[in-house]
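Each remark here refers to the structure printed beneath this line.
The values are calculated or read from the model by the stated rules, or taken from the named source; none is laboratory data. Worth saying up front: this structure is predicted, and the values here are computed from it rather than measured. Positions of Cβ are generated from backbone atoms using ideal geometry, with glycine treated the same way; all protein chains shown enter the neighbour counts.
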Amino acid sequence: MKSDQAAASAPPRAVWEGSQGQTTLTLSGEWMRGNVPEMTGDEVSGWPDVIRTDDLGKFDSMLPAYLFRKLRESEEAEPRLSELPDNLRGLMELALKVPERSDAKSDNEEPHGLRRMGIASRAAWNSIVSVLAFVGDSVVAVLRFFTGRARFRGREFWSIMQDCGAGALPIVSLISFLIGMILAFVGNVQLANFGASLYVADLVGIAMVREMGVMMTAIIMSGRTGAAFAAHIGSMNANQEIDALKTFGFNPFDYLVLPRIFALVLMLPLLTIYSNIIGILGGMLVAAGVGIPPQLFWTELLTTVDLTQASLGVFKSVFFGAAIAIAGCMQGMNSGTSSAAVGQATTRAVVAAITSVIILDSAFAVIFTILDI
Amino acid sequence: MSEPDPNAKISVRGLTMAYGSFVVMEDLSFDVMEKDIFVIMGGSGCGKSTLMRHMIGLKEPAKGEIYYEGEDFTAKDAAGRLSFIRKFGVMYQSGALWSSMTLSENIAMPLEEHTDLSAGEIRDLAAYKLALVGLSGYEDYYPAQVSGGMNKRAGIARAMALDPEILFLDEPGAGLDPLSSRRLDELILRLRDSLGSTFVIVTHELASIFAIANNSIFLDTDTRKQGGTGDPKELRDQSDNEAVRVFLNRGESSGKEKES
């Protein structure tokens, strides 16, 4: 049907007339997309008693859709279609062939008030329970592994390790170097006021090894690797690959979650040490710019940063690694089976990973203060 | 509720399937004999795949039991089910190949886990199973690199990896061209005859149903109960249930009405 021709011809029109309890619908013109039908008379809800179609021109789905709405409103079991022209009647009959399933409409009604509060608090409680369950499962699986009852594929483990270790080096280098430089810049501005520029070395050193190195690495890995874990496992779930693992007698938890936890717990400390070194180099470069030679910077740094200080960040990174891996894997395993659900799982994984890293870090800050380290 | 048939390979008794409070199918009871090619049929969305998921233990029944060779499968815990699951081979609707592994590695993985074969023997077996489904030469391709139909066939090859006693196939013929679909039917018949496997197949392709199946169950969407069980050719001509006859005659007037 050519709509460009239709636009020039008679406009679509529906005229409703009611007389002596009988409604008549007169349809005329070209009912094509782009022509707004002109409704006149008292439109009734439901099927008219008489339909006249003498002046009806060409039509596309606009007209059947309009009539179909009228038919649904009328709720008649056997509407009379005999007055319609053949082609229109054929289309209407096709649409009516399979009756509307009244129970197919989903009851996705928006809950309100108390009900919504109840649903939200129950969801919150369920999510706490599922986090605890997943962490518990992880611990049990690790124990199973060390007693030789859980296995996974070595090759897969190596490729995950490579991806979340060596693969992350470029981005960790860039971020750490910049963070080290920023710390030195900001520190120098303040310390120079007291003529104590040299202490910029201590500031950069302590800040990097205790907090910034491990923190920035953990946040990079949350976005990079935690998200990848969730997306990978989530799409395996969507593609029934996890079901396939189960029916071949593999424990999906051992095969998918364990290697990821191990890989991140091993790699995050290494990345943290690397990040500390690069960050200190960044600070050193800025310090050199304001007149502190690298040798002096290094000697001053060693007066405050000892092995105990340096080990704190690395110690924390073990826990951060486990938290990021668990957050990613958990969201992946619990993800729905549509592509939208996988996207949501990925988002939740990153949010959960970063949140848990920060919460753990504050807990460590309190503990280290109490222990006076 | 009747006792399970001791001679049957699979007996299902009074099975009710539900998602939460939404009942999918009620009170299903049927038997699958050894070497049967058993078809689960019914309209779209009537719970065919769900029934299969119950039979392989991926979903828990709301009510009822599933017996394998007289042993109650539903009563066992996850560990107890392992010995049953080792006898199963399952092909999922989309193939569900592990996407990070090549086709050959997909088939090798169950073999590595459950057998003591050497790497060379496993490679040979994987190549042979792929050749059986017409994928010779595709050993080193990843699932994403081959077509949907090939994924499906590779899924069947993987399901056969451990020479299972019972093969569950979820819509094996859907999305295949008529020739491949025909080849698949022949493959199923030949495997049944030579290996003595029992097949449980979810499908609604009539041509394929009449060509291979000797036993079946029809799931009726309207009543949410089983519409009939038995040989699909007999069901087509003699079933008491109108819905079954209409379905198996592709909506044309059914045999029983013509006779009477």
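Being under 29 Å from B:Asn7 (Cα atoms) and surrounded by fewer than 15 Cβ atoms within 10 Å (Cβ to Cβ): is that true of B:Asp72 here? Yes; evaluated as a whole, the condition is true for this residue.
Name every residue in region B:74-90 that is in contact (Cβ under 8 Å) with a residue 40 or more places away in the chain and either within 9 Å of another protein chain (Cβ to nearest Cβ) or β-branched (Val, Ile, Thr) (or both), in order of residue number.
Passing the criteria: B:Arg86, B:Phe88, B:Gly89, B:Val90.
The set of residues in region A:230-248 being within 13 Å of another protein chain (Cβ to nearest Cβ) and in contact with a Ser or Thr (Cβ under 9 Å, 6 or more places away or on another chain) consists of A:Ala231, A:His232, A:Ile233, A:Gly234, A:Ser235, A:Met236, A:Asn237, A:Ala238, A:Asn239, A:Gln240, A:Glu241.
Being farther than 27 Å from A:Ile160 by Cα and within 14 Å of chain A (Cβ to nearest Cβ): is that true of B:Leu189 here? Judged against the criteria, B:Leu189 is not a match. When you check A:Ala201 against the structure, is it surrounded by 12 or more Cβ atoms within 10 Å (Cβ to Cβ) and more than 28 Å from A:Leu302 (Cβ to Cβ), yes or no? Against the criterion (surrounded by 12 or more Cβ atoms within 10 Å (Cβ to Cβ) and more than 28 Å from A:Leu302 (Cβ to Cβ)), A:Ala201 does not qualify. When A:Thr337 is tested against (1) modelled with pLDDT under 95; (2) within 30 Å of A:Leu198 (Cβ to Cβ), just one condition goes unmet, and that condition is (2).
Using the structure shown, decide if A:Asn188 is touching a residue at least 12 places away in the same chain (Cβ under 8 Å), over 24 Å from A:Gly226 (Cα atoms), more than 14 Å from chain B (Cβ to nearest Cβ) and not acidic (Asp, Glu). Against the criterion (touching a residue at least 12 places away in the same chain (Cβ under 8 Å), over 24 Å from A:Gly226 (Cα atoms), more than 14 Å from chain B (Cβ to nearest Cβ) and not acidic (Asp, Glu)), A:Asn188 qualifies.
The residue list A:Ile324, A:Ile359 contains one member that is β-branched (Val, Ile, Thr), closer than 25 Å to A:Ile220 by Cβ and loosely packed, with under 14 Cβ neighbours inside 10 Å, which is A:Ile359. In region B:101-112, the qualifying residues are those that are polar (S, T, N, Q) and touching a residue at least 40 places away in the same chain (Cβ under 8 Å), and the one that is farthest from the other protein chains (Cβ to nearest Cβ) is B:Thr102.
Listed by position, the helices (runs of 4 or more DSSP H) inside region A:1-116 whose residues that are modelled with pLDDT of 80 or more number at least 3 are A:62-74, A:86-96.
Quick check: is even one residue across region A:209-229 in contact (Cβ under 8 Å) with a residue 24 or more places away in the chain, closer than 30 Å to B:Trp98 by Cα, within 25 Å of the chain's Cα centre (by Cα) and within 14 Å of another protein chain (Cβ to nearest Cβ)?
There is at least one residue in region A:209-229 that is in contact (Cβ under 8 Å) with a residue 24 or more places away in the chain, closer than 30 Å to B:Trp98 by Cα, within 25 Å of the chain's Cα centre (by Cα) and within 14 Å of another protein chain (Cβ to nearest Cβ).
B:Gly251 passes every criterion in (1) in contact (Cβ under 8 Å) with a residue 24 or more places away in the chain; (2) on the phi > 0 side of the Ramachandran plot apart from (1). Taken over region B:150-177, the criterion of being in contact (Cβ under 8 Å) with a residue 60 or more places away in the chain, of a type in the set (A, V, I, L, M, F, W, C) and either within 14 Å of another protein chain (Cβ to nearest Cβ) or buried (at least 22 other Cβ atoms within 10 Å of the Cβ) (or both) is satisfied by B:Ile156, B:Ala159, B:Met160, B:Ala161, B:Leu162, B:Ile166, B:Leu167, B:Phe168, B:Leu169.
Flag not set for B:Glu71, criterion: touching a strand residue (DSSP E or B) at 6+ places or on another chain (Cβ under 7 Å), more than 9 Å from every other protein chain (Cβ to nearest Cβ) and at negative phi.
Please find, within region B:93-115, the residue that is farthest from B:Tyr141 (Cα to Cα) out of those that are part of a loop (DSSP other than H, G, I, E, B) and of a type in the set (A, V, I, L, M, F, W, C). Here the residue is B:Ala96. Residues of region B:52-68 that are part of a loop (DSSP other than H, G, I, E, B) and more than 14 Å from every other protein chain (Cβ to nearest Cβ): B:Pro61, B:Ala62.
Based on this model, can you work out whether A:Ile373 counts as more than 21 Å from A:Ile179 (Cα to Cα), outside any helix (DSSP H, G or I) and either in contact (Cβ under 8 Å) with a residue 12 or more places away in the chain or outside the structural domain of A:Leu178 (by TED's automatic domain parsing) (or both)? So A:Ile373 fits the description; yes. Is it fair to say A:Phe194 is of a type in the set (Phe, Trp, Tyr) and within 14 Å of chain B (Cβ to nearest Cβ)? For A:Phe194, the condition - of a type in the set (Phe, Trp, Tyr) and within 14 Å of chain B (Cβ to nearest Cβ) - is not met.
Restricting region A:249-260 to residues that are surrounded by 22 or more Cβ atoms within 10 Å (Cβ to Cβ) and of a type in the set (A, V, I, L, M, F, W, C) leaves a set whose member that is nearest to the other protein chains (Cβ to nearest Cβ) is A:Leu256. Mind checking which residues of region B:205-236 are modelled with pLDDT under 85 and more than 20 Å from the chain's Cα centre (by Cα)? Within region B:205-236, B:Asp222, B:Thr223, B:Arg224 meet the criteria.
When B:Cys46 is tested against the conditions (1) more than 9 Å from chain A (Cβ to nearest Cβ); (2) without any contact (Cβ under 8 Å) to a residue 40 or more places away in the chain; (3) under 16 Å from the mean Cα position of the chain (by Cα); (4) part of a loop (DSSP other than H, G, I, E, B), the lone failure is (2). Report yes if some residue within region A:336-356 is closer than 30 Å to A:Ala150 by Cα and in contact with a Phe, Trp or Tyr (Cβ under 8 Å, 6 or more places away or on another chain); otherwise report no. Within region A:336-356, one or more residues are closer than 30 Å to A:Ala150 by Cα and in contact with a Phe, Trp or Tyr (Cβ under 8 Å, 6 or more places away or on another chain). Any chance region B:122-138 includes a residue that's over 30 Å from B:Gly175 (Cβ atoms), free of Cβ contacts under 8 Å to residues at least 40 places away in the same chain and within 14 Å of another protein chain (Cβ to nearest Cβ)? No. Tell me which residues, restricted to region B:129-149, are surrounded by fewer than 21 Cβ atoms within 10 Å (Cβ to Cβ) and assigned to a helix (DSSP H, G or I). Once the filter is applied, which keeps residues that are surrounded by fewer than 21 Cβ atoms within 10 Å (Cβ to Cβ) and assigned to a helix (DSSP H, G or I), region B:129-149 yields B:Ala131, B:Leu132, B:Ala144, B:Gln145, B:Gly148, B:Gly149.
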